[in-house]
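Read the structure below first, then the notes.
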Amino acid sequence: MSFLKKLKDKFTQSADSVSDKFKEGLTKTRDNFSTKVNDLVARYRKVDEDFFEELEEILIQADVGFNTVMELIEELKMEVKRKNIKETADVQSVISEKLVEIYENGQDTSSTLNIQDNGLTVVLFVGVNGVGKTTTIGKLAHKFKTEGKKVLLAAGDTFRAGAIDQLEVWGDRVGVEVIKQGEGSDPAAVMYDAIQAAKARKADILLCDTAGRLQNKVNLMNELEKVKRVIEREIPGAPHEVLLVLDATTGQNALIQAKTFKEVTNVSGIVLTKLDGTAKGGIVLAIRNELEIPVKFVGLGEKMDDLQEFDAEKYVYGLFSNLIETAEE
């Protein structure tokens with residue numbers, strides 16, 4: 001049974017609403033990527049070097065990343081040889097299978113957050129301004145609250161005008177308390193206050209916003225280190241997650257940001273926003289493969305529940321659903 005057929009059986013027959021969100025959210029990337037792959041397959045009768053060269057170009061244009069593309073093409077060539085594949089149409093299922101393998105790559109790819117069974121879970125959010133960090137915090141607060149957890153927000157971005165107000169808007173919308181100080185105050189002091197408030201209110205989860213300035217990496221590093229020191233001192237073992245928020249529509253620039261933040265803080269997972277707004281959703285694979293950091297959540301729309309836990313198979317299903325749905329029985 002082909003990999004495409006397996007995905008078809010797994011998702012199209014299970015009435016999986018989450019896989020439908022991936023399908024809908026990846027429409028732009030799918031229309032761009034799958035259409036080009038289909039055209040390529042239609043133009044070539046046999047699998048040869050020219051076919052692979054054009055496929056390589058399509059993958060790079062989808063922002064899969066140069067290193068990842070080179071790895072994928074080599075693996076595809078080996079698989080084609082091993083299975084003695086002659087027809088280009090038969091390569092499509094192999095591509096989808098290899099995309100999942102490259103993402104998983106024998107490493108921990110779990111999108112599950114490190115939520116503590118007992119006591120307070122602290123999640124620190126980092127990322128440059130404008131990537132959707134505050135919106136992500138609001139949507140995750142909504143998710144946790146609907147799961148019955150008591151959530152608090154910490155307004156640690158005290159430098160950007162309006163950042164505190166923006167977080168308060170989300171707090172009001174979701175119905176969770178925001179711990180804050182005045183604009184320009186010490187972010188570490190805000191975190192201290194937030195942790196004390198979370199303890200006093202017996203909160204389950206504290207979601208912490210931070211400033212996103214990259215102009216001076218040394219200042220950013222010092223600030224984040226100070227914030228983490230305060231959190232660690234007050235809650236041993238915290239922060240339990242450091243989530244880097246990236247805007248998928250910025251493509252390779254998101255990869256550069258990820259490398260920078262990885263240098264200055266111990267990022268445990270990626271939240272990729274606005275995946276529904278880009279035709280270059282291959283950036284998911286580039287980030288995972290080149291940085292070895294799991295993508296924990298992806299933004300697939302504007303609605304409150306459109307922030308979804310990442311799943312490599314559902315991602316590939318979203319990319320290839322037009323082929324999957326017509327996969328041979």
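Answer with yes or no whether residue 132 is in contact with a Lys or Arg (Cβ under 9 Å, 6 or more places away or on another chain) and either modelled with pLDDT of 95 or more or over 22 Å from residue 314 (Cβ atoms) (or both). Full working, then the answer.
On the way: in contact with a Lys or Arg (Cβ under 9 Å, 6 or more places away or on another chain): yes; either modelled with pLDDT of 95 or more or over 22 Å from residue 314 (Cβ atoms) (or both): no.
Answer is no for this residue.
Among residues belonging to segment 49-105 that are among the β-branched types (Val, Ile, Thr) and not in a helix (DSSP H, G or I), point out the one that is farthest from residue 281 (Cα to Cα).
For segment 49-105, the residue satisfying everything is 85.
Against the conditions (1) in a loop (DSSP other than H, G, I, E, B); (2) within 30 Å of residue 191 (Cβ to Cβ), where does residue 142 fall short? Just the number, please.
So the condition that residue 142 fails would be (1).
Picking from 122, 131, which residue would you name as being in contact (Cβ under 8 Å) with a residue 40 or more places away in the chain, among the β-branched types (Val, Ile, Thr), surrounded by 14 or more Cβ atoms within 10 Å (Cβ to Cβ) and part of a loop (DSSP other than H, G, I, E, B)?
Values: 122 fails: part of a loop (DSSP other than H, G, I, E, B).
So the residue among 122, 131 that is in contact (Cβ under 8 Å) with a residue 40 or more places away in the chain, among the β-branched types (Val, Ile, Thr), surrounded by 14 or more Cβ atoms within 10 Å (Cβ to Cβ) and part of a loop (DSSP other than H, G, I, E, B) is 131.
Please specify each residue of segment 181-199 satisfying the condition of being farther than 14 Å from residue 227 by Cα, surrounded by fewer than 20 Cβ atoms within 10 Å (Cβ to Cβ) and not polar (S, T, N, Q). I'd like the intermediate steps shown before the answer.
Our first condition is that a residue be farther than 14 Å from residue 227 by Cα; within segment 181-199, this holds for 181-184, 196-199.
Narrowing further to those that are surrounded by fewer than 20 Cβ atoms within 10 Å (Cβ to Cβ): 181-184, 196-197, 199.
Correct list: 182, 183, 184, 197, 199.
Of all residues in segment 155-180, count the ones that are buried (at least 19 other Cβ atoms within 10 Å of the Cβ), touching a Ser or Thr at 6+ places or on another chain (Cβ under 9 Å) and either of a type in the set (A, V, I, L, M, F, W, C) or on the phi > 0 side of the Ramachandran plot (or both).
The number of residues fulfilling the criteria is 4.
Here's the yes/no breakdown for (1) modelled with pLDDT of 95 or more; (2) of a type in the set (Val, Ile, Thr):
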position	(1), (2)
158	no, yes
162	no, no
189	yes, no
193	yes, no
197	yes, no
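Among the listed residues 74, 54, identify the single one that is farther than 30 Å from residue 149 by Cα and surrounded by 14 or more Cβ atoms within 10 Å (Cβ to Cβ).
54
When you go through 202, 228 one by one, which is the residue that is in contact (Cβ under 8 Å) with a residue 40 or more places away in the chain and more than 26 Å from the chain's Cα centre (by Cα)?
Among 202, 228, only 202 is in contact (Cβ under 8 Å) with a residue 40 or more places away in the chain and more than 26 Å from the chain's Cα centre (by Cα).
Condition first: of a type in the set (Val, Ile, Thr) and in contact with a Gly (Cβ under 7 Å, 6 or more places away or on another chain). Now tell me which residues in segment 252-277 satisfy that. Break it down stepwise before answering.
Here is the first cut: in segment 252-277, the ones of a type in the set (Val, Ile, Thr) are 256, 260, 264-265, 267, 270-271, 273.
Result: 273, single match.
Please work out which residue is nearest to residue 263 (Cα to Cα), limiting yourself to segment 200-222 and to residues that are surrounded by fewer than 22 Cβ atoms within 10 Å (Cβ to Cβ) and of a type in the set (D, E, K, R).
Among them, the one singled out is 217.
The values are calculated or read from the model by the stated rules, or taken from the named source; none is laboratory data. Just so it is clear, the model here is predicted, and its values are computed rather than measured. Counting neighbours? That spans all protein chains shown, and the Cβs are built from the backbone with ideal geometry, glycine included.
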